[in-house]
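Working notes for the structure below.
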Amino acid sequence: MTKLALCVVLICSRAAAIDLTGLRHIGGVAGFVKTDSGLTLTCTDQSEVRIAVLAPDLIRVRAGFLKKLPAHDHSWAIDKTSWEVPHWTLTEDPAALRLATDEIELIVRRAPLLLEFRDAKTHREIDADQQPMLFDPQSDSVAAARRLGLDEHFYGLGEKAAHLDKRRGEFSMWNSDTFGYQEGTDPVYQSIPFYLGWQRGAAFGIFFDNSYRTHFDFGASSQEYAAFSAEGGEMNYYFFQGPSIRKILARYTELTGRMPLPPMWALGHQQSRYSYYPDTLAEEIVRRYRQEDLPLDVLHLDIHYMDGFRVFTWNPQRFPNPKAFTDKLRARGVKVVTIVDPGIKYRDPGYSVYEDGAAQDFFLKRSDGRPYVARVWPGDSVFVDFTKEAAARWWGDLHRAYTDAGVAGIWNDMNEPSDFNDQTGKSQMDVVAYDGGENSPYAQYRNVFALNEARATYEGLQRLRPNQRPYVITRAGYAGIQRYATVWTGDNRSTWDALALSLPMFMTLGLSGEPFSGADIGGFMGRTDPELLVRWYQVGFLTPFCRNHAGIDSPDHEPWRFGKYYEDIIRKYLKLRYRLLPFLYTALEESHRTGLPMLRPLLLNYQDDENVLGIDDEFMIGADLLAAPILKPNLTARLVYLPRGLWFDYWTGAAHQGGHMIRVEAPLETAPLFVRAGAILPTSPEMNYVGEKPTDPVRFEIYPDAQGQASATLYEDDGVTEDYRQGKFRRTTVSFRRNQIELGAPEGSFDPGRRDFVFSIHPSASRGTPEVRIPDDGRPHRIAAATSHAGPGMRQNR
């Protein structure tokens, strides 16, 4: 949330192309040493290259130019640092070394030094240097150029205001406050230097773990290469062999960490504005939601709840009794989330947060020892050096000001970090971070500032509320941010273009290890209209983070603001979201467990279908639900591509054979939605907030495929505590075959209590939906269900 002139956007409006001219090539191989985990190469120019085998499908490459690699080897992004080295072999000849695992064959050409990654089984080239690694000894920049395939496509790079397929694009990583961004604005808030390459159905991944300003050029500058570079630091990248994107994401999130489960209420509908105050107005918003029978789980408080924008304070006039306020909302089923910015008001007598932090030397400094002072909402402000463990712990513990007041979650904003005086960061280059005694320069630290703030916040909430799941939202981040925070796509616009742009942004975040994302529904900046708001909700009701939010000078756009007709449609989709919560929560747990996002591009589920390579106006939830929303005004129909197989229209039950485009009618009341044949969707009764009443019955909506089969899993836990990590969950498998429903023995020790299971079988022709109801007694069942259209005949076998 930033109120700045739009010229700020123009500062970072386009990434710089990678210019390789003038850079030096690394020397050839003069010698090597084989270790248990890989090779260390010594080059003719005294450069050193270290190749580490971490897993059969994962190899790390580090290079120090004109010198040996430093002994210090630390990254804030990396979660797993200890690997069990797999079996690998080394063979050599005068021209090359050949390092091979069961999955990767790495050819190291000696002169010049070129790395070529191949499939170990087929020996087909996957990705290779187009020229030796490059560097500039004067500027300390480093670069790599890879051969560009004729049919190669690129995906990933985290939060980018761009289409899904990044081929022919160029992008930079430099966390930037980009209020009112639009397509092509680059960089934006986050920096995730991880990408996927796809060619002829097979994929690979590269994570360039360098937190300096980095650049990626996917054939924008040359027909010959795709390149990545950094304005300092090491050449340090990880190569992931597929060929499956799913497999790469699993390994990448093993390396950088996976999302812990947030509280289940985080999947509920959330409402925000810059800002709701005083407390009585915020209470009225919640009362109106309940009056209008609109589901709501969370109300956000923006910066005006604070006393003079001082973090960890409450304005005594606007919120005289914060605990009583949060208690009142909690009684209505609504949690409170407060915004927390990193800027701490500078030299403010009596402000204990500043005085304590200064006394303990917890704030970032310039190289000459002066404090780093920027201008944000409180005025002149200082920032915590989160690389100091004592400072990070101090910051986390300060959140007692919120937890004692009953606040349920924390919203980290302005953490690029933003500076109203200089959004580019150029005037801050002499700032240093302690960073374990390395005294890292600002150029290296800026991109990981938000990651470390989120870590400090998350760990603080864990200490303050033991065994309660922290809920942290962040605007900025670096690779690994998913370990600590959910994300949203920042200060978007109230335009149709912004709505359309949000879809590839969500998909790309998911392909970059961040499965929990969303956008400000209705747009943060500008005036939305009722048609746009409805169509935005028809996207938002399926996004993991579902929040309506507006800027301080934007007209109100809560769901009831445009009259009953539009409100009724919005209510329809919010009610549907809550009915789908068992399905959504099961998909979210899969994200936590495997690293696969719940919101997916079609590419992730149908990697070998060339028709989906550029589709970013449709998306899937898990493997079973396909959404094709309307993203332009005044449209009441659209073309939808359905991948191979059979698909059912969610609204009409009509069956469609996939593998081609179909035309779908979509009046304002209807968002095109399709269920994959072979799927079973677990659903629950309607609720106005998570936990309002028992999930009874749990309904399984069965959509048999052409062979009459379907299957699914239902995941459950208490939705609040960390007990799921100790096995206190329940995973139930359901299958349908030959007119029989099979319910597997549940896995895990969580007891959901007494309830019924209801099975609804959806025939291909909508002439009745037979139902089967049984009590859930925690035992396996086999139930014969007649699918005759005459009625729901059933019998139960155990």
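Quick notes on this structure:
- In this calculation the C-beta distance from Arg24 to Asp497 is compared with R0 = 35 Å, giving a FRET efficiency of 0.25.
- Ellipticity estimate at 222 nm from DSSP helix runs (n ≥ 4, -39,500 (n - 2.57)) divided over the chain, nearest 500: -5500 deg cm²/dmol
- Where labels lie 7 Å past Cα in the beta-carbon direction, separation of Thr280 and Lys121 in nm: 7.1
- Net +/- balance of residues flanking Ala706 in space, Cβ distance below 14 Å, scoring K and R +1, D and E -1: +3
- Magnitude of the charge dipole, the chain, Cβ model with Lys/Arg +1 and Asp/Glu -1, debye to 20: 1620
- Top positive-direction residue, dipole computed over segment 123-269 with Cβ charges, set Gly156, Pro263, Ala227: Pro263
- Segment 501-585 - Debye-derived log10 I(q)/I(0), Cα point model, q = 0.12, 0.19, 0.25 Å⁻¹: -0.37, -0.87, -1.24
- The ratio of the alpha-carbon radius of gyration of the chain to the globular-protein estimate 2.2 N^0.38 Å is 0.96.
- Top positive-direction residue, dipole computed over the chain with Cβ charges, set Ser760, Gly437, Thr594: Ser760
- For segment 478-520, the extents of the C-alpha atoms along the principal axes are 32, 17, 14 Å, listed from largest to smallest.
- Annotation for Ala324 and Asp79: the two label points, set 7 Å from Cα along the Cα-Cβ direction, are 4.3 nm apart.
- Checked against a 22 Å cut-off, the cross-linked pairs Lys80/Lys247; Lys345/Lys388; Lys34/Lys68; Lys68/Lys365; Lys572/Lys693 give Cα-Cα distances beyond that limit for Lys68/Lys365.
- For the listed peptides 371-381, 347-357, 728-738, 149-159, a ranking on the average number of other beta carbons within 10 Å per residue, highest first, reads 149-159, 371-381, 728-738, 347-357.
- Mean Cβ count within 10 Å, highest first, over the residues of peptides 428-435, 408-415, 629-636, 219-226: 408-415, 428-435, 219-226, 629-636
- Extension gain for Gln462 to Glu686 (0.36 nm times residue separation, less C-alpha to C-alpha distance): 77.5 nm.
- Computed lengthening from Glu742 to Asp45, 0.36 nm per intervening residue step minus Cα-Cα distance: 244.3 nm
- Segment Asn634..Asp529, full-extension length gain: 36.6 nm, with 0.36 nm per residue of separation and the alpha-carbon distance subtracted.
- The chain - accessible surface per residue (Å², probe 1.4 Å): 35
- Dipole orientation for the chain: of the candidates Pro559, Gly308, Ser494, Pro559 has the Cα lying most toward the positive pole (charges on Cβ; Lys, Arg +1; Asp, Glu -1).
- Shape category assigned to segment 79-125 from the gyration tensor of Cα positions, a/c cut at 1.5: prolate
- Square roots of five times the Cα gyration tensor eigenvalues for segment 142-235, Å: 21, 16, 11
- Using the empirical formula 2.2 N^0.38 Å as the baseline, the Cα radius of gyration of segment 179-301 reaches a ratio of 1.58.
- Within the accessible area of segment 138-220 (1.4 Å probe), percent carbon and sulfur: 45
- Label-to-label distance for Ser367 and Glu610 is 5.3 nm, based on points extended 7 Å past Cα in the beta-carbon direction.
- 13 Å beta-carbon shell around Pro555, net charge (K/R +1, D/E -1): -1
- Sequence-distant residues sharing a close amide H with Ala128 (under 5 Å, placed H): Phe117, Arg147
- Candidate aspartates and glutamates - alpha carbon under 15 Å from Lys575, same-chain residues fewer than 8 apart omitted: Glu292, Asp293, Asp297, Glu567, Glu669, Glu686, Glu692
- Sorting the segments 670-676, 511-517 by their mean number of nearby beta carbons within 10 angstrom, highest to lowest, gives 511-517, 670-676.
The values are calculated or read from the model by the stated rules, or taken from the named source; none is laboratory data. Remember, it's a predicted structure, so these values are computed and weren't measured experimentally. Backbone-built Cβ (ideal geometry, glycine too); neighbour counts: all protein chains shown. Surface accessibility is based on the protein's heavy atoms, side chains included, excluding ligands, DNA and RNA. Shrake-Rupley method; radii C 1.70, N 1.55, O 1.52, S 1.80 Å.
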